[in-house]
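Report on the following structure.
The values are calculated or read from the model by the stated rules, or taken from the named source; none is laboratory data. Bear in mind that the values here come from a model prediction, so they are computed numbers and not experimental data. All Cβ positions, even for glycine, are placed from backbone atoms using ideal geometry, and neighbour counts span all protein chains on display. Calculation scope for accessible area: heavy atoms of the full protein, side chains included, ligands and nucleic acids excluded. Shrake-Rupley method; radii C 1.70, N 1.55, O 1.52, S 1.80 Å.
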Amino acid sequence: MATNETVAAAWLATMTALPIGDTLTSSTVPDGFVRHFTVATTLDPSMAPVGSRTMRVQIDVFYSGPTEVPPWGKADGAGEAIARSVPRMANNIIPGFPAALINEAWISDGPVRVHGDTAALAHVTLDAQLIWTPTI
């Protein structure tokens, strides 16, 4: 059965060319990656379709550069691209095993820069809300 975690990862993978993961290595990711965390939401369940689930997804975009200067332009651009893609992802079947239907999707916060990364990564974060239904 689909879970918030599997749906969030598959949903993000359909929106970005960046890999979805937790680590940045030069051998597998040349310059950036996207990480996500799913969090329970306070969305009123009576507003969602019967049988659906709701979640808030924190989306973090990381980019590294060839120097110690974080490549903020790349991270900002990727964050904005994801933010623009989120509303268009509503009413789409997300492929995978098992698949899920994204009933609604919207940005609730961000994208904003996160400063102070000791590894000199450019880090942008944003939050999205999803209402989704497992498909059989």
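If you take the residues in region 75-89 that are touching a helix residue (DSSP H, G or I) at 6+ places or on another chain (Cβ under 7 Å) and not β-branched (Val, Ile, Thr), which one is nearest to residue 62 (Cα to Cα)?
85
For region 116-130, indicate whether the set of residues that are surrounded by fewer than 17 Cβ atoms within 10 Å (Cβ to Cβ) and without any contact (Cβ under 8 Å) to a residue 12 or more places away in the chain is non-empty.
Yes, some residue in region 116-130 is surrounded by fewer than 17 Cβ atoms within 10 Å (Cβ to Cβ) and without any contact (Cβ under 8 Å) to a residue 12 or more places away in the chain.
Could you check, for region 86-97, whether at least one of its residues is in contact (Cβ under 8 Å) with a residue 24 or more places away in the chain and touching a Pro at 6+ places or on another chain (Cβ under 9 Å)?
No, the conditions are met nowhere in region 86-97.
Here is a check on your reading of the model: is residue 81 in contact with a strand residue (DSSP E or B) (Cβ under 7 Å, 6 or more places away or on another chain) and over 16 Å from residue 10 (Cα atoms)?
Answer is no for this residue.
Checking residue 101 against (1) in contact with an Asp or Glu (Cβ under 9 Å, 6 or more places away or on another chain); (2) open to solvent by 30 Å² or more (accessible area, probe 1.4 Å); (3) within 12 Å of residue 11 (Cβ to Cβ): exactly one of these is not met. Which one?
If we test residue 101 against (1) in contact with an Asp or Glu (Cβ under 9 Å, 6 or more places away or on another chain); (2) open to solvent by 30 Å² or more (accessible area, probe 1.4 Å); (3) within 12 Å of residue 11 (Cβ to Cβ), just (1) comes out false.
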